[in-house]
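See below for the structure under consideration.
The values are calculated or read from the model by the stated rules, or taken from the named source; none is laboratory data. Here the structure is a predicted model, which is why all the values come from computation and not from measurement. Positions of Cβ are backbone-derived with ideal geometry, glycine not excepted, and every protein chain shown enters the neighbour counts.
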Amino acid sequence: MHEKDKELLYRLVYADNLWECRISIIATFYFIRQNEFDDTLKIAEILLNDKEDLIHKAVGWMLREVGKREIEIEEEFLQEYYKKMPRTMLRYAIEKFPETSRKMYLSGEVLLLIPRSTDDHWKRKLQDVKRSMTDIRNGRTSGSNT
């Protein structure tokens with residue numbers, strides 16, 4: 001999917017139609033399979049306050065898929081947002097975590113986790129995700145130059 005096409009995802013995320021909105025997060029599965037997580041995390045952040053249970057399930061599912069590939073990236077996102085997430089979204093996201101970790105997230109007692117990898121590659125990857133999350137908070141989407 002080209003950068004221009006990604007703009008459609010960001011339009012759909014704000015759609016009034018539940019199914020169009022849900023497509024915006026589910027479509028990021030393509031990027032997840034390419035080990036590109038930025039758009040998934042940006043859209044997940046936008047949808048944190050959505051009222052629809054089907055959106056909560058879809059976001060949690062996509063976060064879980066990110067975690068299957070890069071658990072540190074999923075955990076970093078969760079550490080920032082798990083207390084704000086709808087319960088269903090959180091449950092779906094942590095479904096494959098060890099029981100003790102699941103219980104800690106659900107009870108709100110997660111300790112600040114240090115990334116398991118000290119490899120510079122993973123540190124850079126985490127920094128890129130942090131920058132992307134900051135960009136979305138500031139109203140910039142991927143590919144925008146503003």
Which listed residue, of 68, 96, is at pLDDT below 95 and not hydroxyl-bearing (Ser, Thr, Tyr): 96
Limited to the range 18-42, what total is found for residues that are charged (D, E, K, R) and surrounded by fewer than 21 Cβ atoms within 10 Å (Cβ to Cβ)? 4
With respect to residue 10, is the statement that it is outside any loop (DSSP other than H, G, I, E, B), in contact (Cβ under 8 Å) with a residue 60 or more places away in the chain and either surrounded by 13 or more Cβ atoms within 10 Å (Cβ to Cβ) or among the acidic types (Asp, Glu) (or both) true? yes
Any chance the range 28-39 includes a residue that's in contact (Cβ under 8 Å) with a residue 12 or more places away in the chain, touching a helix residue (DSSP H, G or I) at 6+ places or on another chain (Cβ under 7 Å), assigned to a helix (DSSP H, G or I) and under 13 Å from residue 89 (Cβ atoms)? no
Within the range 71-105, how many residues are under 27 Å from residue 20 (Cα atoms) and acidic (Asp, Glu)? 3
Does the range 117-131 contain at least one residue that is assigned to a helix (DSSP H, G or I), modelled with pLDDT under 95, under 23 Å from residue 34 (Cα atoms) and among the polar types (S, T, N, Q)? yes
Given the conditions (1) more than 18 Å from residue 95 (Cα to Cα); (2) touching a Leu at 6+ places or on another chain (Cβ under 9 Å); (3) aliphatic (A, V, I, L, M), and given that residue 55 satisfies all but one, which numbered condition is not satisfied? (1)
Within the range 76-95, how many residues are acidic (Asp, Glu) and assigned to a helix (DSSP H, G or I)? 2
Only one residue in 73, 46 is under 9 Å from the mean Cα position of the chain (by Cα), hydrophobic (A, V, I, L, M, F, W, C) and either surrounded by 18 or more Cβ atoms within 10 Å (Cβ to Cβ) or outside any loop (DSSP other than H, G, I, E, B) (or both). Which one? 73
Check the range 45-59 and report whether any residue there is touching a Ser or Thr at 6+ places or on another chain (Cβ under 9 Å) and farther than 18 Å from residue 85 by Cα. no
